[in-house]
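A quick write-up on the structure given underneath.
The values are calculated or read from the model by the stated rules, or taken from the named source; none is laboratory data. Since the structure is predicted, the reported quantities are computational estimates derived from the model, not experimental observations. In this analysis, Cβ positions are derived from the backbone assuming ideal geometry, glycine residues included, and neighbour counts consider all displayed protein chains.
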Amino acid sequence: MRKQTLLASTIALVAALLLSGCTPAEPETRAVGGQSSASGSPSPTNGAGQAETTTAPTLASTGEFVSQATATVGTATLVENTDHSITLTLSDFSTDARLDIRMYLNSDPVVLDADGFYKVIDGPSSTGHLEIGHLSSATGDQTYDLTTSRQSLRSTHSLTLYDYAAREDLGSVNIGPIG
């Protein structure tokens, strides 16, 4: 039930961002996978001048996965909620089923190299990353609590799904920074 509520909130936020005219940020490099962000505005006040509580997230970043070693599709949404928790939601998600898929936050964005391949300069096979856990399923909507990774999320520009046994990137998405 919590996942459905979070997913509904995330969809409502993304729709609101699109309707308000927010567009993906223009990256400095030739980055791939759309990314957008929005910051919260001051809380509206009630008639007595007190701030009303809201359940809308204060920050959000979203992007579309690009395939690397295998077909990987879906949307990743990183949200800082009003209670300061941070969640990562994968929607309409699918990748190849492997035994040991780990998720890594990267300090660099996903780029298209001169040979036509997507890569992250400092990705899981280098030092510019942080492992945040195992992927729970190769398909379907799923949500992860990343509140304890807040400090790393401030310098995150992408997320990579990495097959630890085969030592290869399955797919990545430009997302962040947040937190």
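Figures for the structure shown
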read-out: Residues that are touching a residue at least 60 places away in the same chain (Cβ under 8 Å) and either part of a loop (DSSP other than H, G, I, E, B) or small (G, A, S) (or both), drawn from the stretch 92-117; value: T95, D96, R98, L99, D100, P109
read-out: Unique residue being buried (at least 21 other Cβ atoms within 10 Å of the Cβ) and in a strand (DSSP E or B) when the list is Y162, Y144; value: Y162
read-out: Residue match in the stretch 41-55 (condition: surrounded by fewer than 18 Cβ atoms within 10 Å (Cβ to Cβ), modelled with pLDDT of 50 or more and touching a strand residue (DSSP E or B) at 6+ places or on another chain (Cβ under 6 Å)); value: no
read-out: Options T77, T89, T70: the member that is within 17 Å of V120 (Cα to Cα), among the hydroxyl-bearing types (S, T, Y) and touching a residue at least 24 places away in the same chain (Cβ under 8 Å); value: T70
